[in-house]
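All of the numbers you see were taken from the coordinates with simple rules; none came from a lab. Source: prediction; values computed, not measured. Cβ placement follows ideal geometry from the backbone for every residue including glycine, while neighbour counts extend to all protein chains displayed.
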Amino acid sequence: MRFLLKTSYEQDLRLFRDAVQRNWYIALGLALLVLPALVPTYLVDISLVFIYGLCGVSLMVLAGYTGLVSLGHAAFLGIGAYAHVYFVQDLGLPWVISVALAAAVTAGAGVLVGLPALRMTGVYLSIATLAFALIIQEVLTRWERVTHGLKGRPVDKPVIFGVSLAHDAAFYFLCLAALIGGLWLTANLLRAPTGRAWVAIRDSEIAAQSMGVNRARYKTLAFAYSAALMGVAGALFAHKVGFLAPDIFSVLLSIQFLLMVVVGGLGSLHGALFGAAFVALLPVLISEARDRVPAWAGQVVALAGKDAGAAAFLGVDRFVKQPGLEPGLFGLILVLFILFEPLGVYGRWRKVQLYFSTFPLYKRATFRRQKTYMRSERLR
Amino acid sequence: MLQLLLNGLAVGCIYGLVALGFVLIYKATELVNFAQGDLMMLGAFTCYMFVVWYGAGYWLAFVLAVVTVALFGAALDSAVLRRVLGQPQFAVVMLTIGLGAIFRSFASIVWGSEIYTLPTPFSARATRIAGVTISHEYISIIAGTVILCAALYAFFTFTRVGVAMQAASQNQLAAYYMGIPVKRMFSLIWAISAGVAAIAGILLAPVSLIDINLGFLGLKAFAAAVLGGFGSIPGALAGGVTIGLIELFSGAYLPQGVKDVAAYVVLLVVLAIRPQGMFGTIARKKV
Amino acid sequence: MTLLEAEQLSMNFGGIRALDGVSFEVNSGEVFTIIGPNGAGKTTIFNLISRIYEPTRGRLAFCGRDLLRVPAHDIAALGIARTFQNIELFEHASVLQNLLLGRHAHARGRFVEELLFLPRARAREVAHREAVERVIDFLDLQAHRDSLVVNLPYGVRKVVEMGRALCTEPRLLLLDEPSSGLSVEETEDMAFWIQDIRTVLGITVLMVEHDMSLVSAVSDRVLALDYGRVLTVGTTREVQAHPDVVKAYLGA
């Protein structure tokens with residue numbers, strides 16, 4: 001186990017705990033730089049991981065840190081995506097300005113939801129965001145002049161300062177840069193009074209208020225900031241999918257975003273990224289599995305007999321090709337995580353880390369939540 | 001006009017019934033069950049299965065489907081939801097959302113993603129009263145709702161189990177000390193709530209069609225429950241009827257598209273102005 | 001000098017009258033304690049001062065300023081900090097973060113500065129940290145600096161909550177039952193701290209308390225409350241001997 005010698009207060013303000021951790025992150029960064037050369041076929045999928053990462057960070061700020069659970073985050077993504085495409089393709093604005101404007105528009109929408117949300121708590125707020133998302137989806141469908149309605153609208157490849165980023169690798173780096181930028185800004189806020197005020201509101205509104213936190217201001221700010229991140233993610237998402245239609249930004253997508261923060265682990269930026277990777281890559285895994293699992297099953301059962309093997313192949317094949325399977329699988333994973341690993345992947349990761357760093361002295365009780373309250377301990 | 005009123009009333013009754021399911025569970029266990037709409041969908045499909053696949057009569061299928069779904073609700077409670085009692089509300093909400101997704105998937109695997117119609121004794125029949133054509137389907141919905149509400153009211157007020165259930169939902173610990181089997185009560189509440197959802201699904205089936213996305217109607221029922229103040233049973237019904245009427249009238253008199261979102265707009269406005277709903281009271285945290 | 005002045009405070013909850021024309025003054029530099037049976041309206045007074053409730057009638061002034069015109073989140077900046085009866089800490093944050101939040105009333109940062117974590121934001125953070133470390137030293141909380149509040153025993157939480165209030169650098173500290181849930185020894189420690197807060201830090205203390213040994217050890221003046229009315233004000237001894245107080249506690 002490593003011990004840290006702290007010698008200045010600045011040390012606690014650094015983004016990385018110590019040199020070892022910083023080096024790990026640098027290594028990770030280098031790995032991501034060379035990744036395009038290694039797996040060129042999966043670049044688009046990994047770009048989606050980055051975009052979802054941004055979405056995960058956005059929802060983590062709102063749900064994980066401020067405690068405002070939004071069931072309609074896909075609506076912000078949609079607003080960002082449509083706004084960006086409208087600014088770039090219909091108004092002909094430069095890309096960077098368009099993204100900034102899209103973020104501003106989404107932040108405005110965030111404030112719009114945030115203001116009535118000030119008086120609501122818990123489930124009521126979630127329901128309100130859900131209603132908001134459904135209304136936005138309808139608006140996207142009906143406002144044909146801008147959104148082209150159900151016909152959908154194609155999206156061009158991004159062109160930044162005259163440089164076309166049509167190539168997958170270029171887009172990969174664009175998304176990576178956006179994610180790192182978003183992470184940096186968010187980490188900054190979280191180590192500053194703003195982040196503390198958010199956490200305070202999450203854990204006890206009444207105490208936060210008595211300590212001088214203006215609840216209205218910080219809740220609205222959380223909504224606006226979270227929505228702005230979502231707006232940027234939306235702009236990138238528009239380029240990634242290449243074709244916008246209102247039904248992309250459905251309740252199901254919102255639920256996938258929530259799945260990210262739950263699977264990753266509430267209240268940590270790492271968790272948001274783990275969750276994003278999970279949600280973005282799961283469909284890839286599923287489609288791979290669709291191609292292979294029936295054959296495996298067929299081969300295994302074929303040991304018992306040729307006909308049975310063929311029947312098993314057909315049966316399993318028919319089963320895995322069901323269109324309704326994927327959301328169900330997402331649902332199942334969600335249920336299992338909440339029942340058995342409420343701290344998410346990041347929580348599990350921390351446990352494994354602690355296990356090895358304290359080996360062989362790991363105590364299982366370390367992470368067990370304390371239930372007894374009345375236990376006094378003499379302070380000396 | 002009168003026609004519209006009646007149709008709105010019928011649709012509202014369905015919302016009210018689903019909302020009733022929300023409220024029953026919320027009152028008892030403080031869980032918000034986002035899978036309520038999907039339970040309704042399961043009810044409609046189960047009834048369809050008994051009628052069309054196994055050739056059961058409508059009434060038999062009705063009873064069988066309600067019992068099946070109710071048992072399923074009880075099983076759900078004892079197998080899954082009991083584990084998360086007392087956990088943060090967020091976790092529970094996510095859990096039921098996940099369950100809803102599983103139910104939809106299950107339905108699409110078992111019954112396929114086609115759209116079905118449920119043949120009933122009321123289908124395509126109508127009575128003319130005072131110049132207004134009233135289809136029997138709508139009458140069946142309204143009558144069913146009234147009967148069900150009366151039955152539920154009688155159950156909660158006059159039977160020992162019903163009173164015990166009320167006690168369990170008002171003060172878990174005290175109820176436990178009084179020898180009420182709180183856990184079994186919760187399972188029973190889930191069974192009733194699931195059963196009510198199934199009835200709503202079956203009543204709705206002849207009017208709307210059955211498909212796996214029937215459950216999304218639950219979102220509108222949500223609006224009804226909130227409008228009525230989440231913890232109030234008459235409130236849920238009143239909220240449902242209000243939403244139903246608003247929806248049909250806005251469909252008739254306002255531009256296209258408004259009908260689909262009317263329920264949500266009302267919901268947002270109510271939440272912003274009076275977060276505790278029409279009938280509810282909001283509890284303030286004591287410090 | 002009068003620091004806090006309450007005049008004819010009344011508070012109704014529906015039909016229940018929690019406070020009925022309560023008037024008192026807290027002088028600068030004293031420890032003023034409110035006692036009374038359960039439901040007498042003690043905590044209600046605190047909730048009125050921290051502006052969680054709106055009084056039905058009456059006036060509240062702090063340093064001559066009308067408190068009822070100040071929004072709840074500006075009370076801390078005026079110099080009033082409080083603790084809660086059942087501890088309202090930010091449970092899933094570390095002790096350090098809890099104490100740093102106590103500095104929020106002094107956080108004068110711009111959003112953009114924090115977003116980019118400019119040198120000015122960094123310098124302010126270090127300054128806050130120094131202030132917090134002074135409180136940590138004062139209350140002997142060094143060992144718990146980085147632990148999460150959920151993992152702390154009740155007694156320590158009580159101290160942390162008091163520390164958070166001290167971090168706001170208040171002129172008036174409201175302590176809501178500082179000894180509830182503490183052992184006898186911890187209560188003694190609490191008495192020393194309250195005395196130190198008054199003499200060393202020069203902070204006026206307004207306290208609600210049941211434990212008469214703590215009350216008599218630290219209070220300069222005591223106010224006895226019953227059914228929302230003031231029974232008497234005086235030194236601990238005077239109040240304890242007052243016939244109305246005896247009646248309120250022991251019954252007629």
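Where nothing but the Cβ of Lys and Arg (+1) and of Asp and Glu (-1) is charged, how large is the charge dipole of segment C:93-169 around its Cα centre, in debye to the nearest 20? Don't jump to the answer; show the numbers that get you there.
Working: 12 positive and 10 negative charges, 42 e Å.
It comes to approximately 200 debye.
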Of A:Leu282, A:Leu221, A:Tyr172, which is farthest towards the positive pole of chain A's charge dipole, taken about the Cα centre with +1 and -1 on the beta-carbons of Lys, Arg and Asp, Glu respectively? A:Leu221
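In square nanometres and to one decimal, what's the mean projected area of the convex hull around the Cα atoms of chain A? It would help to have the intermediate numbers written out before the result.
Values: hull surface 101.1 nm².
Answer in nm², one decimal: 25.3.
With +1 on each Lys and Arg Cβ and -1 on each Asp and Glu Cβ, and nothing else charged, work out how big the dipole of segment A:40-284 is about its Cα centre, in Debye to the nearest 20. Please report the intermediate quantities before stating the final value.
Values: 13 positive and 9 negative charges, 99 e Å.
Charge dipole of segment A:40-284: 480 debye, to the nearest 20.
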Using the alpha carbons of segment A:285-367, what is the convex hull volume per residue in cubic angstrom, as a whole number? 149
Please give the Cα centre distance for segment C:155-177 versus segment C:50-111, rounded to the nearest Å. 11
Using the 10 angstrom Cβ neighbour count as an exposure proxy, how do C:Tyr227, C:Tyr53, A:Tyr52 rank, fewest first? C:Tyr227, C:Tyr53, A:Tyr52
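Take A:Val39, A:Val241, B:Val66 and order them by how many other Cβ atoms sit within 10 Å, fewest up front. Could the numbers behind the result be given before it?
Working: A:Val39 10, A:Val241 14, B:Val66 22.
Going from least to most buried by this count: A:Val39, A:Val241, B:Val66.
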Taking chain A as a Gaussian network, Cα atoms linked when under 10 Å apart, which of A:Gly275, A:Gly347, A:Gly328 shows the biggest mean-square fluctuation? A:Gly328
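So, in chain B, how many Lys pairs have Cα atoms under 22 Å apart, if the pair is 8 or more places apart or on different chains? Please report the intermediate quantities before stating the final value.
On the way: B:Lys27/B:Lys183; B:Lys27/B:Lys220; B:Lys27/B:Lys285; B:Lys27/B:Lys286; B:Lys220/B:Lys259.
Close lysine pairs under the 22 Å cut-off: 5.
Where in chain A are the helices, taken as whole DSSP H runs, whose Cα atoms extend 27 angstrom or more along the long axis and whose Kyte-Doolittle mean reaches at least -0.5?
Numbers: long enough: A:19-38 (28 Å, 1.36); A:95-117 (32 Å, 1.93); A:122-142 (31 Å, 1.42); A:168-190 (33 Å, 1.63); A:215-241 (37 Å, 0.62); A:269-302 (47 Å, 1.05).
Helices meeting the span and hydropathy rule in chain A are A:19-38, A:95-117, A:122-142, A:168-190, A:215-241, A:269-302.
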Multiply the residue gap between C:Glu130 and C:Leu201 by 0.36 nm, knock off their C-alpha separation, and tell me the result in nm, one decimal place. 23.9 nm
Quick one: among B:Arg83, B:Arg184, B:Arg104, which has the greatest mean-square fluctuation in a GNM of chain B with alpha-carbon springs under 10 angstrom? B:Arg83
Restricting things to alpha carbons, find the Rg to Rh ratio for chain C using the Kirkwood radius for Rh. 0.99
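Once you charge only the Cβ atoms, +1 for Lys and Arg and -1 for Asp and Glu, what is the size of the charge dipole of chain B about its Cα centre, to the nearest 20 debye? Walk me through the numbers before you get to the answer.
Numbers: 15 positive and 8 negative charges, 165 e Å.
In total the dipole reaches around 800 debye.
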With Cα coordinates, the longest principal axis of chain C makes an angle with the long axis of helix C:119-139, in degrees rounded to 10, of 50
One finds the C-alpha centres of segment C:204-233 and segment A:97-138 to be spaced, in Å, by 48
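Once you have a ≥ b ≥ c as the square roots of the Cα gyration tensor eigenvalues for segment A:14-109, tell me rounded if a/c is under 1.5, and otherwise prolate or oblate according to whether a/b is larger than b/c. Display every interim value, and only then the final one.
Values: a/c = 2.14, a/b = 1.35, b/c = 1.58.
Note, shape of segment A:14-109 comes out oblate.
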Using R₀ = 56 Å, calculate the FRET efficiency as 1/(1 + (r/R₀)^6) where r is the Cβ-Cβ separation of C:Phe13 and C:Glu185; round to 0.05. 0.90
Projected onto the charge dipole of chain A (unit charges on the beta-carbon of Lys, Arg, Asp and Glu, signs +1, +1, -1, -1), the Cα from A:Ala117, A:Val155, A:Val34 with the largest positive-side position is that of A:Ala117
Dipole of segment A:40-284 (Lys/Arg Cβ +1, Asp/Glu Cβ -1, origin at the Cα centre): which of A:Ser204, A:Leu130, A:Leu77 lies farthest to the positive side? A:Ser204
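Please find the FRET efficiency linking A:Lys157 to C:Glu25, where r is the Cβ-Cβ separation and R0 is fixed at 60 Å, and quote it to the nearest 0.05. If you can, show how the numbers build up before the last one.
Details: r = 73 Å, r/R0 = 1.22.
For R0 = 60 Å, the calculated efficiency reads 0.25.
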So how much slack lies between B:Tyr177 and B:Tyr253, counting 0.36 nm per residue of separation and subtracting their Cα-Cα distance, in nm? 21.8 nm
Which percent of the Cα-Cα distances in segment A:1-51 go past 12 Å? 74
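From the gyration tensor of the Cα coordinates in segment A:57-185, what semi-axes in whole Å does the equivalent ellipsoid have, largest first, with each one equal to sqrt(5λ)? List each step's numbers first, then the result.
On the way: eigenvalues 157, 78, 27 Å².
Semi-axes from the Cα gyration tensor: 28, 20, 12 Å.
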Say each of B:Asn213 and A:Thr141 gets a label point 7 Å from the Cα, pointing the same way as Cα to Cβ; how far apart are those two points in nm? 0.8
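Scanning chain B for helices, which whole DSSP H stretches are 20 Å or more long along the axis (Cα) and average -0.5 or more by Kyte-Doolittle?
Numbers: long enough: B:2-29 (40 Å, 1.68); B:58-79 (31 Å, 1.85); B:89-111 (32 Å, 1.63); B:136-158 (32 Å, 1.57); B:182-204 (33 Å, 1.73); B:233-253 (30 Å, 1.30); B:258-273 (22 Å, 2.36).
Answer set is B:2-29, B:58-79, B:89-111, B:136-158, B:182-204, B:233-253, B:258-273.
Given N residues in segment C:112-195, what is its alpha carbon radius of gyration divided by 2.2 N^0.38 Å?
Details: Rg = 15.3 Å, N = 84, 2.2 N^0.38 = 11.8 Å.
Cα-based Rg divided by the globular estimate yields 1.29.
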Within segment A:253-291: backbone nitrogen closer than 15 Å to the A:Phe319 label point (7 Å, Cα to C-beta): A:289-291
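Expressed as cubic angstrom per residue, what is the convex hull volume of the alpha carbon set of the protein assembly as shown? Please report the intermediate quantities before stating the final value.
Working: hull volume 197.0 nm³, N = 919.
Taking the convex hull of the Cα positions in the protein assembly as shown, it is 214 Å³ per residue.
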What would the Debye equation give as log₁₀ I(q)/I(0) for segment A:110-204 at q = 0.13, 0.18 Å⁻¹, counting only Cα atoms as equal point scatterers? -0.86, -1.07
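Got a sec? How would C:Arg57, C:Arg110 order by Cβ neighbour count within 10 Å, fewest to most?
On the way: C:Arg57 13, C:Arg110 10.
Lowest to highest Cβ neighbour count: C:Arg110, C:Arg57.
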Indicate the gyration tensor shape class of segment A:193-269 (rounded, prolate or oblate), computed on the Cα atoms with a ≥ b ≥ c the square roots of the eigenvalues: a/c under 1.5 is rounded; otherwise a/b larger than b/c is prolate and the rest oblate. prolate
Taking a ≥ b ≥ c as the square roots of the Cα gyration tensor eigenvalues, with a/c under 1.5 meaning rounded and otherwise prolate when a/b beats b/c or oblate if not, segment A:142-261 comes out prolate
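Between A:Ile180 and A:Val20, what length comes free when the chain is fully extended (0.36 nm per residue of separation minus the Cα-Cα distance, one decimal in nm)? Before the final figure, lay out the partial values.
Numbers: separation 160, 0.36 × 160 = 57.60 nm, distance 1.97 nm.
Full-extension gain reported as 55.6 nm.
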Restricting to bridges with both residues inside the protein assembly as shown, how much of the DSSP beta-bridge set is antiparallel, in percent to the nearest 5? 65
In whole angstrom, how far apart do the alpha carbon centroids of segment B:55-77 and segment B:213-265 sit? 26
Taking every pair of distinct Cα atoms and averaging 1/r, then inverting, what Kirkwood hydrodynamic radius in Å comes out for segment B:2-215? 17.9
